[in-house]
Structure formats: structure tokens, C-alpha cells
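Inspection log for the structure reproduced underneath, given as C-alpha cells.
The values are calculated or read from the model by the stated rules, or taken from the named source; none is laboratory data. What you see is a predicted model; the values in this text were computed from it and never measured. As a convention, Cβ positions derive from the backbone with ideal geometry for all residues, glycine included, and neighbour counts pool all protein chains shown. Heads up: the accessible areas ignore ligands, DNA and RNA and are worked out on the full protein's heavy atoms, side chains in. Shrake-Rupley method; radii C 1.70, N 1.55, O 1.52, S 1.80 Å.
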Amino acid sequence: LPPFTTPDDDADPTLRGAIVGTCDAMCPAAEVERRERIEDVAVFERPDPSVARTSPALAVKKFARNIEQDPANFRTRAALAAAQAHLRGIMDADASSAPLSLVHRFLWDRYRGVRQDLFVQGMADGFAATLCEEHVRFMVLAEHELCELTPRAGEAETFDSHLNLEQINKALITLGDMYDAAALAGAPLGGEAEFRGYHVLTLAGTHGRYRFSAAVLQDALAHLRPETLASAPVQRALGFARALAAGDWAGFFARLAAAPYLDACLAHMYVRHVRARALTALCAACGGQAVPAEDVARMLGTYD
């Protein structure tokens, strides 16, 4: 598969800005009633974990593929801000009491619901960008922290890197549209360089089921404003891209060690591929001679 170029959640572009939401709660009343009826209430939404009931203080709208165009199903800015703050609280409060995999599974869906509400209502200003940026940061963190969990059908404590990266890229493309609009209006948004850097990093090489495309990377770079292209986050991402393209595994691991935390979390998706290529090169270069394990660990970035 090629790298992503699909807008957030494949939403129908004719729906953008077509609705002004009137829901002042984190979850529309009709959805609360329906989900309680079919017992589709997440553990984070239950006052009593053993009972599939919720409350206005806990229920958060789910992402839905079939969009019902009733304004009552879409949240106001105040409701979206409240939902975002509530979700952030779950991320923080449950850090020690719930596995990150469960927190991620819940937030992954509810964040998609927030972005869907933003899209359908045509919200693309600094407020909307701030919400989307927070979504991306969480998913990037999860990409590294949960990378050793293997997807298993029917199990709650699992993680699918492919789906997580899909949402990262779709959210980044949505953010790109917001940054373009803000810059065109003469008021660039402050987070642009950081998140353009993440987008370039996702396009820098082959990872999972996605293959590197020089044409897609060049197209992404060609659309950046000169000051954004020259920014530290984008240049860091390009450093990784150059190391991957050249097979410079020593340079890759040096950049990984020096990178900011979230850059390193995202670049980690290339580590397995880079180490495999590095081991092949080491075996060929050493001609069967033994190499101290600590030297191999240092060269492959496996040491503390």
C-alpha cells in the first residue's frame, strides 16, 4: 500500500460545514439511550463498572460511519472542549489503574468522534487544530508504548499499529488543511512546524504495510511554506529520511538518540527494518569474524 493521502475518516466532502451542532453534552441524548439499550457502554463511561449504564458526566459520543444529519447529534464548541478535557482526564487519571491499551482503544474511537464533529461543522480554526494536535500526540505516544502488543481478535488488551498509523496520518492530513487555510489568511498556527514534521516522518520510509514513495514525500515537501520547510521539526524528519534512503543505520540511530520524545516514538516504527539491514551489512563486512555483543548493541541502538 502507498503512504496515506486520504482525508480524515474518508468523510463525504459535501458534508463539510453543512451542519451547526446544537448538542451541549459530551454525548447526544439519543445516543446515550440507544447505547444503554444495547449495553454498548465502555467501562470508562460507567459509574458502576458492573452495570452497562452511564451518565452525562461520563458518556462521550462514539465515532459513527453513518452520519445522521440532525444538528442535535453534533456537539457545540463548548461541548467539544468539555469532551476533550474529559478524555484528557481519563488519559491522566487511569495511567496507573488501567492498561494503556484499554485507554488507547477508548480514546482512539472518541477522538475520531471529535474530529468527525469538527469536520461536519466545518470547524478548521485554531480551536479545531488544537484538538486534533492533541489527538495526534496521544496516538504517536501509543505507537511506541504499545508496539509490542500483537493484535488478537476478540481481545480487549491489544493494539493494531496499522490502524493507529492510519488515524495518525488522516489526522495529520486534516491538520495540514487547517494550516494551509490559516497561512492563506495571514495567521499561521503555532503548531504547524511540529506536526508537519510528524507528517514528513511518516512518509520517510517503509513501515508495516506501507511502502516508501519518493514522489509522495516530494509532493508533501513542495506544499510547505519556506519557513516551515526550514523549521527544526521538518529538518529532523528529513534527516531520518536521508538516513533511511542511504541505508545509513549509524546515522539513523544517532538521530534517534538525539530526537525529542515524540519524534523518537514515531521514528521507532522504522527500527526493526533498519536493524535487519544493519545486521545484514555487519555480517557481510565481518566475514565470519566475531564481533563483541556490546559493540553490536551500541551500533544497533539497543543499549540503555
- Hey, can you tell me all the residues within region 162-186 that are open to solvent by 40 Å² or more (accessible area, probe 1.4 Å) and either in contact with a helix residue (DSSP H, G or I) (Cβ under 8 Å, 6 or more places away or on another chain) or part of a helix (DSSP H, G or I) (or both)? Leu163, Glu166, Asp177, Asp180, Ala181, Leu184
- Message: Could you check region 17-41 and list, in sequence order, the residues that are in a loop (DSSP other than H, G, I, E, B) and free of Cβ contacts under 8 Å to residues at least 24 places away in the same chain?
- Response: Ile38, Glu39, Asp40, Val41
- Task: Could you tell me whether any residue of region 193-215 is free of Cβ contacts under 8 Å to residues at least 40 places away in the same chain, open to solvent by 30 Å² or more (accessible area, probe 1.4 Å) and in a loop (DSSP other than H, G, I, E, B)?
- Result: no
- Considering Ala278, Ala297, Ala267, which residue is modelled with pLDDT of 95 or more, open to solvent by less than 40 Å² (accessible area, probe 1.4 Å) and part of a helix (DSSP H, G or I)? Ala267
